[in-house]
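So the structure is just underneath, and the comments pick up after that.
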Amino acid sequence: MAALCAFKKHLVNILFLCYSVFDLIYVQFKGEFKLEKLVIEGKTRLSGDVTINGAKNAAVAIIPATLLIDGICTLDNVPNISDVKISCDILEDLGAKITWNSEHCFTIDTRNIHSTSAPIDKTSKFRASYYLLGALLSRFKHAEVGSPGGCKLGARPIDQHIKGFELLGAKVKVAQGKITASSKHLQGTSIYLDTVSVGATINIMLAAVLADGTTTIENVAKEPHIVDVANFLNTMGADIHGAGTDTIKINGVRKLKSEGTYSVVPDQIETGTFMLAAVASQGDVTIHNCIPEHMASLSSKIVEMGANIEEFDDSIRVWCDKRPSKVNIKTLPYPGFPTDLQPQVGVVLSIADGTSIINESIWESRFQYTGELNKMGANINAQGKTAIFEGVEKLSGAPVYATDLRAGAALIIAGVIAEGTTELYNIEHIDRGYESIEEKFRKLGANIKRVNE
Ligand code: EPU
């Protein structure tokens, strides 16, 4: 009897301990660890108007670029997404003062930066944290930045960023989950990138803005967000030429202006996502606040699929009144077909008439979404960097997982055009890069809701 009582007492203690541990973990993480999913009822033909926000990949570079300024600047058309929030959060940790004027506009005061160190708990939440290296190195000649995170798309080395910093005269060390770069003096030089890299182009440009003399970077990336970062820096007093061509020349300046205002360029990838949603759903969508010229590689493919495009100054109408035809795609740096639209075009090809091939030339692991689409009835065979899409007549709703940001956007399109119900999990990936995505789709007629489990 005594033994039974002792056992009961132990059991109660163990249960209490388990409860306490669980409660502690829950309290610790409840703010960050949301179990949300999107529930989409297909099948919908999208129609109407949608407005595009500022570009994620420009905003997440321009925000750290404000560290080059010893002053105050106002950024407008900033997308309200989690990658922007975390960028702002890190800058505040470093001593910046951020005042939000409206949902998409804030003023940032970088006069009292007191730290050049950004720890891994925040830098690992997104890829663009590596821009802190170039920006802090440029202004303070020292940066200690935790390893970057971002979508798992295969190996994501930063050897070209480091090569650029070193050629400018910095000492760079990578150890214990952080990258440290420091220099007494940065001297302009000639840098040839071995790989066309968006991140390395922007990061080296940031580091060179306040260096002595002229830096020339050859074989650079030409994406619209690179031009936008250069435009921002020039607005603030930098002397950068050639952004958008193969060679960027930066004449170092002593100091940037202490005041300025800049509006972020519209998001090329969000624009493309809605263009492809219109084609996939055989809908009719007009996309506002975009730059049609940035969409040339996609627009030509959409026409090849048999859909229609009408371009205006800052809007595009896309409509499709028959099953899209097969096309072949090879992803390439801008002005080629963007890798960040590959999963979304993959959804269209999964239901296209005929067999299409996608060749992914940027990332090793960008076909993870094809497994999810196959759960919905697609017939895709992905091997290495090539995937063969045997177009099927229709997709059917299923529980699926957003394997990364663009895969998540693609699976929303798949859910919209599929018959039945799709439950989409891991949607925090999507929130990193798309503002109010379900509201935008809902406005176009989709039956989509966010459910908190
Ligand atoms: N690469 C190297 N060495 C380097 C840098 C890159 O070998 O030092 C290789 C990469 O492994 C890859 C290729 O070069 O094969 C291109 O990489 P890049 O540096 O251009 O990519 P990134 O800067 O890491 C940005 C975007 C990505 C987008 C790529 C390509 C940001 C924050 N991210 O990444 O966007 O896919 O360029 O356009 O700008 C997204 O928004 O969903 C996204 C993944």
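The values are calculated or read from the model by the stated rules, or taken from the named source; none is laboratory data. Given the structure is predicted, the values throughout are model-derived calculations rather than measurements. Quick reminder, even Gly has a Cβ in these numbers, built from the backbone with ideal geometry, and neighbours come from all protein chains shown. What goes into the accessible areas is simple: the full protein's heavy atoms, side chains included, and nothing from ligands, DNA or RNA. Shrake-Rupley method; radii C 1.70, N 1.55, O 1.52, S 1.80 Å.
Where in the stretch 343-441 are the strands (runs of 3 or more DSSP E), entirely inside, with at least 3 residues that are surrounded by fewer than 24 Cβ atoms within 10 Å (Cβ to Cβ) and out of contact with any Leu (no Cβ under 8 Å at 6 or more places or on another chain)? Reasoning before the result, please.
Working: elements: 355-359, 379-383, 386-390, 399-401, 421-425.
Where strands (runs of 3 or more DSSP E) fall fully within the stretch 343-441 and carry at least 3 residues being surrounded by fewer than 24 Cβ atoms within 10 Å (Cβ to Cβ) and out of contact with any Leu (no Cβ under 8 Å at 6 or more places or on another chain), they are 355-359, 379-383, 386-390.
This table checks each residue for (1) within 28 Å of His294 (Cβ to Cβ); (2) in contact with a strand residue (DSSP E or B) (Cβ under 9 Å, 6 or more places away or on another chain); (3) of a type in the set (Asp, Glu); (4) within 12 Å of the ligand (Cβ to nearest atom).
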| site | (1), (2), (3), (4) |
| --- | --- |
| Gly154 | yes, no, no, yes |
| Pro157 | yes, no, no, yes |
| Val196 | yes, no, no, yes |
| Gly199 | yes, no, no, yes |
| Asp212 | no, yes, yes, no |
| Val229 | yes, yes, no, yes |
| Leu233 | yes, yes, no, no |
Item to complete: Give me the pairs, please: first residue somewhere in the stretch 404-427 and within 27 Å of Glu364 (Cβ to Cβ), second residue anywhere and aliphatic (A, V, I, L, M) and at pLDDT below 95, beta-carbon distance under 9 Å, and either six or more positions apart or on two chains.
Response: Asp404/Leu153; Tyr425/Leu35
Response to the item:
By residue number, the members of the stretch 68-83 that are under 21 Å from the mean Cα position of the chain (by Cα), more than 17 Å from Arg432 (Cβ to Cβ) and open to solvent by less than 20 Å² (accessible area, probe 1.4 Å) are Leu75
Worksheet item: Would you pick out the residues in the stretch 330-342 that are more than 10 Å from the ligand (Cβ to nearest atom) and open to solvent by 30 Å² or more (accessible area, probe 1.4 Å)?
Response: Lys330, Pro335
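Of the residues in the stretch 134-148, how many are buried (at least 19 other Cβ atoms within 10 Å of the Cβ) and either modelled with pLDDT under 95 or more than 13 Å from the ligand (Cβ to nearest atom) (or both)?
So the first thing to find is which residues in the stretch 134-148 are buried (at least 19 other Cβ atoms within 10 Å of the Cβ), and the list is 134-139, 143, 145-146, 148.
Checking the rest, the ones that are also either modelled with pLDDT under 95 or more than 13 Å from the ligand (Cβ to nearest atom) (or both) come to 135-139, 143, 145-146, 148.
Looking only at that region, the number is 9.
Do we find a residue being of a type in the set (D, E, K, R), more than 16 Å from the ligand (Cβ to nearest atom) and surrounded by 17 or more Cβ atoms within 10 Å (Cβ to Cβ) anywhere in the stretch 278-294? Don't jump to the end; show me each part of the working.
Pass one, the stretch 278-294, residues of a type in the set (D, E, K, R): 284, 293.
Narrowing further to those that are more than 16 Å from the ligand (Cβ to nearest atom): 284, 293.
Right, trim to surrounded by 17 or more Cβ atoms within 10 Å (Cβ to Cβ) and you get 284.
Scanning the stretch 278-294 turns up at least one residue that is of a type in the set (D, E, K, R), more than 16 Å from the ligand (Cβ to nearest atom) and surrounded by 17 or more Cβ atoms within 10 Å (Cβ to Cβ).
If we keep just the residues of the stretch 442-453 that are part of a loop (DSSP other than H, G, I, E, B) and of a type in the set (A, V, I, L, M), which is nearest to Thr44 (Cα to Cα)?
In the first step, residues of the stretch 442-453 are kept if they are part of a loop (DSSP other than H, G, I, E, B); the result is 444-446, 453.
Of the ones still in play, those that are also of a type in the set (A, V, I, L, M) are 444, 446.
Details: Leu444: 9, Ala446: 6 Å.
Within the stretch 442-453, the match that is nearest to Thr44 (Cα to Cα) is Ala446.
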Discussion item. Condition first: hydrophobic (A, V, I, L, M, F, W, C) and either over 18 Å from Pro324 (Cα atoms) or without any contact (Cβ under 8 Å) to a residue 40 or more places away in the chain (or both). Now tell me which residues in the stretch 388-402 satisfy that.
Written reply: Ile388, Ala398, Val400, Ala402
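Test Ser183 against the criterion of being away from the ligand (no atom under 14 Å from the Cβ), of a type outside the set (A, V, I, L, M, F, W, C) and either closer than 30 Å to Ile430 by Cβ or crowded, with 17+ Cβ neighbours inside 10 Å (or both), and give yes or no. Let's see the steps before the verdict.
Details: away from the ligand (no atom under 14 Å from the Cβ): yes; of a type outside the set (A, V, I, L, M, F, W, C): yes; either closer than 30 Å to Ile430 by Cβ or crowded, with 17+ Cβ neighbours inside 10 Å (or both): yes.
Spelling it out, Ser183 is indeed away from the ligand (no atom under 14 Å from the Cβ), of a type outside the set (A, V, I, L, M, F, W, C) and either closer than 30 Å to Ile430 by Cβ or crowded, with 17+ Cβ neighbours inside 10 Å (or both).
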Discussion item. Between a residue in the stretch 206-220 that is on the phi > 0 side of the Ramachandran plot and surrounded by fewer than 24 Cβ atoms within 10 Å (Cβ to Cβ) and any residue that is part of a loop (DSSP other than H, G, I, E, B) and at pLDDT 95 or above, which pairs come within a Cβ distance under 7 Å, given they are 6 or more apart or on different chains?
Written reply: Gly213/Gly188; Gly213/Gly252; Asn219/Leu193; Asn219/Val196; Asn219/Asp246
Fill in: the stretch 84-95, residues that are in contact with a Phe, Trp or Tyr (Cβ under 9 Å, 6 or more places away or on another chain) and buried (at least 24 other Cβ atoms within 10 Å of the Cβ)
Ser87
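Out of curiosity, is Ser325 at pLDDT 95 or above, closer than 26 Å to Val227 by Cα and surrounded by fewer than 21 Cβ atoms within 10 Å (Cβ to Cβ)? Let's see the steps before the verdict.
On the way: at pLDDT 95 or above: yes; closer than 26 Å to Val227 by Cα: no; surrounded by fewer than 21 Cβ atoms within 10 Å (Cβ to Cβ): yes.
So Ser325 does not fit the description; no.
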